Every structure is written in C-alpha cells, then in structure tokens.
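First comes the structure, then the notes that go with it.
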Amino acid sequence: MFQIFGFLIALLIGFLSGRFIGYRLQNRGEAIVSDAITKMFPPPMYHLLNNLTIPAKDGTTQIDHVLVSRFGVFVIETKHYQGWIFADSRSPTWTQVMFNKKHKFQNPLRQNYKHLKSVQALLDFLPPECIKSVVVFSGDGDFRTPRPEGVFNLRGLLAYLQSFKSEVMSENRLQFCVGRLECCRLALTRETDVMHRERLQRKFGNSA
C-alpha cells in the first residue's frame, strides 16, 4: 500500500515538475525577447507591453508582447524551443523533435492571428495594416522545413523591427494606443493566467 502511494506521489510530482519546467522555459524566452527589445528600442519612440491579457470574441486572449511604436504596432508571439522544428504555415499544428521524441504544438501563426485581431479591435482608430503579427523563436530550435513568413529567430526579429523607418503615428497617438491597451488589459494575476491556460487546454489539448 505504501509503495503504491509513494509511486503515485512521485508520478504527480513528476507531472507537475514537467509542466513547471515547460512554463518556466516559456517565461525565460519571453524575458529574453523583452530584454532585447527594450535595449534596442527605448522610449519615447517605442513602448513595450508584456504578458497582456485582453478581451477577445470568445473570452480573453493572452499576448506575450505588444510593441507600440511611431512606426507601427507589433504583436509578438514568443516560442522558446530547442531541437528540430517542422513547420507549415497552413497546418494547425507544428512539431518539435528532441531526443527522438515528438511534441506537437499549436501553429503560432494561427495563435497570433487571434492576438492580432484582438489588438486591431481595441486600436480600431489605426489602419489595420499598421498592426503586424510577428512570431519569434528565442531558443536554439532548428527549422528542418522552410521557415514560414513572419517567423524569426531573435536576431531576425530585431532586424525586422529595425527595418520600419516611416512614421505612421505621432507621439501623442502612440501614448493613446498604450493607454487604450493598458486600460483594457486584465489584471496580471496568477488566477488570470491559470484561467486562460485552462481554456486553451480545453480547446486545443496538448497542442496549445
């Protein structure tokens, strides 16, 4: 009896540790991206918002980063993966292969499309083309298929953001965008994060 109980406890700890490690790695990737963007693109021309949970058509959506700038608004989804990455822009899921183990995850381009539309709805006073979707892989993941358009490593992301030179809004309008997003975001709490992740789990299972 005690052996079975001990085994169940060990199994539970292992499961929770695995989930914690995955969550910690994702946060690490977001921290790497946030730090790099903040250093290269400082105020007042740029303003970075991190871990933004805002209203969406079917509830809420959680966005890793939104960079508001005089040159446009960039909605950024971060993935921190290692191993081989097999990607297809039209597929609902992509695949990570590491140590001969396969892990499917939601196509981040599709995932970020919802983020993009939610930001466009809140900033409806801006032309939609001024708000752009970007996916960045911050880890050492090696794409074994052609990298889809709009998907970058960290160096590529910074070069992409730097390539925008034409101003599309004034500093006052930039501050208005930031204020609108800050006003509409949900409080950054553990409960907000858990509820959002549980909804994703119900909708997408392990691929979310």
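Max-minus-min Cα coordinates of the range 97-170 on each principal axis give 50, 25, 17 Å, with the largest extent listed first.
Loop-located trypsin sites (Lys or Arg not before Pro) in the range 49-126 (DSSP state other than H, G, I, E, B) with a sparse environment of at most 14 neighbouring Cβ atoms within 10 Å: LYS57, ARG90. Shape summary: the range 106-148 maps onto an equivalent ellipsoid whose semi-axes, from the alpha-carbon gyration tensor, are 26, 10, 9 Å in decreasing order. With every protein chain in place and a 1.4 angstrom probe, the accessible-area ranking of LYS132, LYS39, largest first, reads LYS39, LYS132. Backbone amide hydrogens, once placed in the peptide plane, bring LYS132 within less than 5 Å of VAL73, PHE74, VAL75, excluding anything fewer than 5 places away on its chain.
Please work out the average accessible area per residue across the range 82-154, using the 1.4 Å probe convention, and give it in Å². Spell out each step's value before the answer.
Numbers: 3990 Å² over 73 residues.
That works out to 55 Å² per residue.
Here r is the Cβ-Cβ distance between ARG173 and ALA121 and R0 is 25 Å; the resulting FRET efficiency, rounded to 0.05, is 0.90. For the range 81-188, applying the loop criterion from DSSP together with a ceiling of 11 other beta carbons within 10 Å to the GluC sites (Glu not before Pro) yields GLU149.
Remark: spin-label model distance THR60-GLN82 equals 3.2 nm, labels positioned 7 Å along the Cα→Cβ axis. Within the accessible surface of the range 140-186, defined with a 1.4 Å probe on protein heavy atoms only, the carbon and sulfur portion equals 47 percent.
Each of ARG90 and ILE32 was given a label point 7 Å from its Cα along the Cα-to-Cβ line. The distance between the two points is 3.1 nm.
Report, in cubic angstrom per residue, the convex hull volume of the C-alpha atoms of the range 27-126.
Expressed per residue, the convex hull around the Cα atoms of the range 27-126 is 123 Å³.
The range 28-50 and the range 115-190 have Cα centres spaced 11 Å apart.
Heads up, I need the accessible area for MET169: 1.4 angstrom probe, whole protein in place, Å², nearest 10. Approximately 10 Å² of MET169 is accessible to the 1.4 Å probe.
The values are calculated or read from the model by the stated rules, or taken from the named source; none is laboratory data. None of these values were measured; they are calculated from a predicted model. Don't worry about glycine lacking a Cβ; one is built from the backbone with ideal geometry, like all the others, and counts go over all protein chains shown. Quick note on the areas: whole protein, heavy atoms, side chains included, nothing else; ligands and nucleic acids left out. Shrake-Rupley method; radii C 1.70, N 1.55, O 1.52, S 1.80 Å.
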